[in-house]
Every structure is written in structure tokens, then in C-alpha cells.
Amino acid sequence: QVQVVESGGGLVQPGGSLRLSCAASGITLSDYFVNWYRQAPGLQRERVATISKDGTFTYYPDSVKGRFTVSRDNTKKTVSLQMNSLKSEDTAVYYCNPFQSTYTYWGQGTQVTVSS
């Protein structure tokens with residue numbers, strides 16, 4: 001059984017930083033591209049980062065480019081999302097999404113709240 005677990009969310013003030021982590025069991029995470037998505041109440045799920053299997057390719061939408069950095073440590077079997085200069089509009093539940101061909105998995109998400 002595949003389990004994807006996100007961690008590292010919490011409450012942070014505007015301008016602050018958080019680092020999210022993603023780990024998985026039941027799959028070899030290094031065999032998968034990984035997306036990070038977020039979903040705020042009443043809004044569609046939005047992709048905020050993608051990283052290739054070896055970490056050489058990354059993607060960010062304009063909304064987070066320059067503030068978010070996705071990375072992976074295949075020896076530790078984790079994928080991280082470093083979020084800096086956080087804004088109130090970054091408040092959402094953040095999800096890790098390993099995918100490969102027709103296989104895609106989701107975690108339960110971790111809440112990030114940016115508020116003073």
C-alpha cells in the first residue's frame with residue numbers, strides 16, 4: 001500500500017519561511033517526478049512546483065517563482081519545498097504528488113497559514 005506523507009506546515013507571519021517535506025512508503029520515490037500542489041478554500045487546486053526524478057528539471061508558476069524552491073534527496077527518499085517571502089495568499093493546504101506514467105499518488109496535505 002502506497003502512503004505519501006507531507007510535513008512541515010504551520011502558521012507563519014507574512015515574509016516568513018517554511019520548509020515542507022514529502023516522504024513515501026510503498027514506492028521508490030526516486031522513480032517518480034513529484035509535484036507540489038496547493039488548494040485554498042473555494043479555489044481550484046494549483047500546481048506550485050515540479051521536480052524531475054534526478055532533480056535536474058524544476059518548474060514553478062509565476063505566482064511562486066523566485067520564492068519557492070523544490071529539491072529532493074534521493075538518498076533520504078524525500079522531496080522538499082522551501083517557501084520564502086510568504087504572503088497571505090500562500091495560505092492553503094499543500095499536497096505532494098508523486099507521478100509516473102499512469103501512476104499518481106497523493107498525500108493528505110499539510111496546512112500552511114500565513115497571517116500576522
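The values are calculated or read from the model by the stated rules, or taken from the named source; none is laboratory data. Computed from a predicted model, the values in this text were never measured in an experiment. A quick note on method: Cβ atoms are made from the backbone with ideal geometry, for glycine too, and the neighbour counts reach across all protein chains shown. Just the protein is used for accessible areas: all its heavy atoms, side chains included, with ligands, DNA and RNA removed. Shrake-Rupley method; radii C 1.70, N 1.55, O 1.52, S 1.80 Å.
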**OP:** Give me the distance in nm between label points sitting 7 Å out from Cα along the Cα-to-Cβ direction at TYR59 and SER7, one decimal.
**Re:** 2.9
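Just to confirm, what accessible area per residue do you get for the range 1-82 at 1.4 Å probe, in whole Å²? Each step should come with its number before you reach the end.
Details: 4520 Å² over 82 residues.
Dividing the accessible area of the range 1-82 by its residue count gives 55 Å².
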Subject >> Partners for LYS87 among lysines (Cα-Cα distance below 16 Å; same-chain residues under 8 apart left out) >> reply: LYS65
Original post:
Hey, what did the chain get for relative contact order, percent, Cα under 8 Å, at least 6 apart?
Top reply: 36
Original post:
So, in nm, how far is label GLU46 from label ASP73 when the simple model puts each one 7 Å beyond its Cα toward the Cβ?
Top reply: 2.9
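Placing +1 at every Lys and Arg Cβ and -1 at every Asp and Glu Cβ, with all other atoms neutral, what dipole size does the chain have around its Cα centre, in debye to the nearest 20?
Details: 11 positive and 8 negative charges, 19 e Å.
Taking the Cα centre of the chain as origin, the dipole is about 100 debye.
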Original post:
Based on the alpha-carbon gyration tensor of the range 53-116 and its eigenvalue square roots a ≥ b ≥ c, which shape applies: rounded if a/c is under 1.5, prolate if not and a/b is larger than b/c, or oblate?
Top reply: prolate
**OP:** Please state, to two decimals, what the Cα-based radius of gyration of the chain comes to when divided by 2.2 N^0.38 Å (N = residues).
**Re:** 1.00
